[in-house]
Structures are given as C-alpha cells and as structure tokens.
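Notes to accompany the following structure.
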Amino acid sequence: MAVITSLDALEAVKAKHIGDIELPADSGRTRVVVGRATCGDAAGAGPVYDQLKKDIDAKGLSESVELIATGCVGICQYEPVFEVYGCDGSRTTYVNMDAEKTAEVFEKHIVGGNAVSEYTIGPVSENSDAASLENTEFYKFQKRIVLHNCGVIDPEKIEEYIARDGYKAIFKALTEMKPEDVIKVMLDSGLRGRGGAGFPTGRKWQFAYASKGDKKYVCCNADEGDPGAFMDRAVLEGDPHAVIEAMTIAAYAIGSDEGYIYVRAEYPVAIKRLQIAIKQAKDYGLLGDNIFGTGFNFDLKLRLGAGAFVCGEETALMTSIEGKRGEPRPRPPFPAVKGLFGVPTILNNVETYANVAQIILKGAEWFASMGTKPSAKGKGSSGTKVFALGGKIAHTGLVEIPMGTTLATVLNEVGGGVPGGKKFKAAQIGGPSGGCIPASQIDVEIDYDNLTSIGAMMGSGGLIVMDEDNCMVDIARYFLDFTVDESCGQCPPCRIGTQRMLELLDKIIAGNGEMEDLDKLDKLAGYIQTASLCGLGQTAPNPVLSTIRYFRDEYVAHIVDKRCPAHVCKDLLEFVIDPEKCIGCTLCKRNCPVNAISGETRKPHVIDREKCIKCGACITACRFGAISKQ
C-alpha cells in the first residue's frame, strides 16, 4: 500500500472505499455485517459468520455480497446479531441467530430479497423501518459519537475508517493548527476525562505542553477493570483507529513522539485489532516518521496489563509500563510534570480519546452544544457518555447518551425498564468506586456534578440496575469486597481501613450487627477517603456511604430486626412451608441435600431450621409455591 502524504491521497482512499459502506443505488450489492466483538463471539457469532461465508462462496456471490465482521453492535441480549444493508438504503437487523436460522435468512432475504420477520428485531412490513435496530427505542435516545463506527465498519480494514473521514483530523491538526490551537479547541469543547475523575482534557494537555523536557509521552488507559464495564473494550474492538488518531493528535499538541496503550491482557480481540490497526497505520505512513510529510514523528506501542484493578490509576499504570509492581505514586508531582519514566506525560482513557478526532474536525462549539452547561452545581459536562447497561434491565448493552439525559430515560426508554413486573430499587453507577442511586433520584440528569451531588460518581461508565430482590447491604459488601481484594496494600488507610469496613458489613449481614456499627462505618469511611494515597482508596467507601444514606432502613432491619427485607442474606433467612399449600408430594424432601425436610406423603411437610443450609433447592423443586423465604 502506498504511503499517504497528502489530503488528496487520503480522499482518494476514501473515494475508493466509501461505496463499500454506503452502497450506491445502482451497485446491486448487499453488505452483511456480523457483530463479532467478544460478546458476540461468546454468544455464538462465529458459527453464524461461518454459515454466511459458506453460503456466499457456494452461490458464487462474493462480488455482490460483502461479509463483514464488525465490533459490538450494542444490544447484548440479542446476540448473535447480524445486519443486512441493501443498496436501496434498507437496514435489517436479525437477532438471536444461529447457523440454521442464518441459512434460512440467506436463501430468503440475501438471495430472494424477502426479509424473514420471525428473526428480525421488529416486524417487517411495507414502508416500515421497524426491522432495523436503529429505529428501536434502544437507539432512539442515543447520540453516537464515540460509538459512531462501532457495529458499522470492519475494524480490521483501515480503509473503512478512512472512508468515514478517518485521519482527516490529524491532517488538519498538523497542517492548519499549531499545538496551542489544538489545546484551545480541546479546552473550548469542555471535554472532561471519561475515565471517572472528569478532569478537563484540554487542561491536562495544556499542563504537559507547558512542561519542559526533551522527551514526553502520550498514554492510553485501556485497563478497564470495573465489574460490569465493557465500554473501552467495545471501542477498541470496533474502532481502534479512533484511539490511534487521537493519541497522535495529543502527541502533536504536547510535543511527544512516543506513546503507549496499556490494555488488559484479558482482552485478546481488542489486542489483536489494535495490533492490526497500528501496523496498517504505519504501512500508510499515518503513524511513525514524517506523518503527512510534515516532519512530525509519533510511534505507538502496546503494553499488556495483568489484571490488577489498581493499575487503572494513572500513576500505578505508568509504574507498570516501566516494568515495576503496579503501585500508585504520591501526587504532586502530577504526571503532566513528571510521569512515565520521570518525564511529562498525559494519560487519557479510551472513551476520552474516541471523542478527539471528531472535535477537531467539527469544532469545539459542536461538541459543547451537547450536554449540560456550567451552573451553581458545577462546571457542566459537554458531549455524550457511554454506559455499559446491565443487571435487572430489559435491554442490556452499550448505550451512548447526551450528558444531561435523565436516569429515568436511560432505564425506562433506552433500557426498556425492569423486567418481570419488579420495582426499580437502585442503580449502581461508576463501578466499585461509585455509589447507588435510589428510585427517589431516578429523575437526576446524568453529568459529573449532578451525580456527585447525590453521593454517586460517573466513574468509567458501568451502570448496573437493581430491583426489589436486591439487598443493598449485600450490594455494598459485594463492591467493598472487590476493592479489598484489589487494593495494592501500599497505604494503611486503604489496606487496613477497607478490611475493617468489610468486617463490619460481614457482622451486620450475619445478624450480629449493632447500631454503633453504622457510626463506625461512617468514621472509617472518612479516614479512608482523606488519607488514602490514590483514587482507589479515596473512593472505596462510596458504595457503603450511598447505601447507608438512601437505604438506612435496610441496615436497621439487619441490625435491630435480624432480618433481610430482600431475603438475600442467608444468615437472616428462614425457609418455611405453608401447610395450606403443601400437598405432600415429597418433591422438596427428595431434593433437599441435607435431609432437612420431613413429612409423610400427601401430608404437609416441615423444614428443620437447624439442619437447613438455605440452598433454595426446595423452592426450586416445589411446584405449588408452598415454600417461601422469611
């Protein structure tokens, strides 16, 4: 492939390949896009893709039917998913597919031209777009900036990224802007770091630009470790060049010639696609020496993380890149002054970088026009935010919504509400360092400042929904247990303090709690927040504090009444058989692993509470709803 040295050469590649994505009306071609991110492959997208390839080859249709493996399509519970794009502008989304269904769709739709409504996401009818994912409620409230290429392009073909205006932003920066101009655009856009802290991106770049040094580094945090979070993985698997281009722009802005992407080793698909993308960018001359003939050089390397949650903290991440144990460093000095290998360094996460190229191309005002404005609560939040929506919600998946969208809209409109007729109880946002938002705050507008004001935080973007069957004391314990396990142990407030908090929660859940324990938890939380070395410890108490704040009655029930209102905590449970409903079928008795149930055939049975291990096997076995938790 020829090295691209000018805008004309870039536009030539775009012109040659744009027709692969936006099919010309007279082309007679069909584009079939299969979601093959980690989630898709785990659900069985591999056999679906193989079946399509086999049928295309068998029919000799490789010239008229293009088969693409793309990244995350976004709506997880429908995986495996593939979409059929026609040159008539149609887009049909097939969901919950397997090889057998795929073969049927191939014959009837791809060959025959008639969509198979049994497998589409919505009904197929004349003049109806309901069969397309982009017309569902799940998509209607979204604004896809970070995810605009995910699920659309082939992430292993740089030409498709270029066809969607890829690498035009770095050309603009290198040929039309000074480094100071790039930084000003980032400042004016209001982009704040999407890794959790929300620090203004332009200001971070400005500090690094002003720092003196012959060597500077640009780093990307792709060490996504929050339980239930997969936003960064989806971007790397679906649009890796967006991150590469953005890091190149950042390097130009601060005066760097070398960068690192620190990515979890548990993300093999993301790593593979990054490796391919870096090689392709170098082959085209878009990465490496003398980019676009401007004399600007920038090289990029990958470093794999070993799964330590603490390495998501910026100084611990840099220490790990240096080949040392991943432990945080005291700040100041901040990385923009003294970072990787002791020189000025900027570190942003994947989602932050994924906004940069579009901001440079479309301008700061375009980005700042979305989101919330500065107010008495804070400085506002521009743009959009990507969330990994999971838990007790009808539509799980990856969503991107404008800042300022209410939590109610995300849960009830985009997410489809809580299934099974259950009541929404809380949403855990921001991962183990975040907080729980109760039903009473469901109308909160999502941005950095609003979430902080109600005791939560944006975090990297995990959003886990809970219903009435969740115990909030147990939820707090779950996240604190994760933090205790992931603490690097370097500073006593985090290493010892979180362990003491966990012991108090264990005591409460076991039915041995005292009301003074709530005061102890509050005091310990204050010490940990103010004295811990890094953000992991400083935010570790958040799930406990937010649940005590909004669900204190559940803590009191555990302590005073010795019961778990949600019937989750085993030590506070009793399994009881209703004699009015029990017909003596003996199913519960036969399925009890510890012989804790006694009774004669066709007569009500009884559970021996001393023997019962509260495994729930009896409830599962009973066909008459005679057994309940109390």
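The values are calculated or read from the model by the stated rules, or taken from the named source; none is laboratory data. Predicted, not measured: the structure shown is a model, and the values here were computed from it. In this analysis, Cβ positions are derived from the backbone assuming ideal geometry, glycine residues included, and neighbour counts consider all displayed protein chains. In case anyone asks, the SASA skips ligands and DNA or RNA and just uses the protein heavy atoms, side chains included. Shrake-Rupley method; radii C 1.70, N 1.55, O 1.52, S 1.80 Å.
Taking (1) in contact with an Asp or Glu (Cβ under 7 Å, 6 or more places away or on another chain); (2) assigned to a helix (DSSP H, G or I); (3) open to solvent by 10 Å² or more (accessible area, probe 1.4 Å) in turn, Pro432 satisfies each apart from (3).
With respect to the conditions (1) open to solvent by less than 50 Å² (accessible area, probe 1.4 Å); (2) in a loop (DSSP other than H, G, I, E, B), Cys615 lacks only one, and its number is (1). Residues in the stretch 22-44 that are of a type in the set (Gly, Ala, Ser) and within 17 Å of the chain's Cα centre (by Cα): Gly35, Ala37, Gly40, Ala42. The single residue among Ile528, Ile559, Ile508, Ile548 that is over 19 Å from Asp474 (Cβ atoms) and open to solvent by less than 70 Å² (accessible area, probe 1.4 Å) turns out to be Ile528.
Before we move on, is Thr93 without any contact (Cβ under 8 Å) to a residue 40 or more places away in the chain, open to solvent by less than 20 Å² (accessible area, probe 1.4 Å) and among the hydroxyl-bearing types (Ser, Thr, Tyr)? Criteria not met by Thr93. For the residues Tyr78, Tyr119, the requirement of being in the same structural domain as Val48 (by TED's automatic domain parsing), over 20 Å from the mean Cα position of the chain (by Cα) and touching a residue at least 24 places away in the same chain (Cβ under 8 Å) singles out Tyr119. Filtered by the rule that a residue be under 41 Å from the mean Cα position of the chain (by Cα) and acidic (Asp, Glu), the stretch 551-599 gives Asp553, Glu554, Asp561, Asp571, Glu574. The set of residues in the stretch 435-452 being in contact with a strand residue (DSSP E or B) (Cβ under 8 Å, 6 or more places away or on another chain) and either not in a strand (DSSP E or B) or not assigned by TED's automatic domain parsing to the domain that holds Glu413 (or both) consists of Ala439, Ile442, Asp443, Val444, Ile446, Asp447, Tyr448, Asp449, Asn450, Leu451, Thr452. Checked against the criterion of being under 30 Å from Ala426 (Cβ atoms), touching a Cys at 6+ places or on another chain (Cβ under 9 Å) and outside the structural domain of Pro492 (by TED's automatic domain parsing), the candidates Cys612, Cys592, Cys585 yield just one match: Cys612.
Please indicate, with yes or no, whether at least one residue in the stretch 217-235 is in contact with a Pro (Cβ under 8 Å, 6 or more places away or on another chain) and crowded, with 17+ Cβ neighbours inside 10 Å. Taking every residue of the stretch 217-235 in turn, at least one turns out to be in contact with a Pro (Cβ under 8 Å, 6 or more places away or on another chain) and crowded, with 17+ Cβ neighbours inside 10 Å.
I'd like the full set of residues that are open to solvent by 50 Å² or more (accessible area, probe 1.4 Å) and either in contact with a Ser or Thr (Cβ under 7 Å, 6 or more places away or on another chain) or closer than 30 Å to Met231 by Cβ (or both), limited to the stretch 15-28.
Residues satisfying the conditions are Glu22, Gly28.
Check Val556, Val560, Val568 and return the single one that is in contact with an Asp or Glu (Cβ under 6 Å, 6 or more places away or on another chain) and more than 15 Å from Gly435 (Cβ to Cβ). Just a single option satisfies the conditions, and that option is Val568.
Suppose we filter the stretch 617-630 for residues that are within 27 Å of Ala510 (Cβ to Cβ) and either without any contact (Cβ under 8 Å) to a residue 12 or more places away in the chain or among the aliphatic types (A, V, I, L, M) (or both); how many remain?
3
Every residue, every condition in (1) touching a Lys or Arg at 6+ places or on another chain (Cβ under 8 Å); (2) more than 29 Å from Glu11 (Cα to Cα); (3) not β-branched (Val, Ile, Thr), yes or no:
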site	(1), (2), (3)
Asp283	no, no, yes
Asn290	no, no, yes
Gly293	no, no, yes
Thr315	yes, yes, no
Gly323	no, yes, yes
Leu361	yes, no, yes
Glu365	no, no, yes
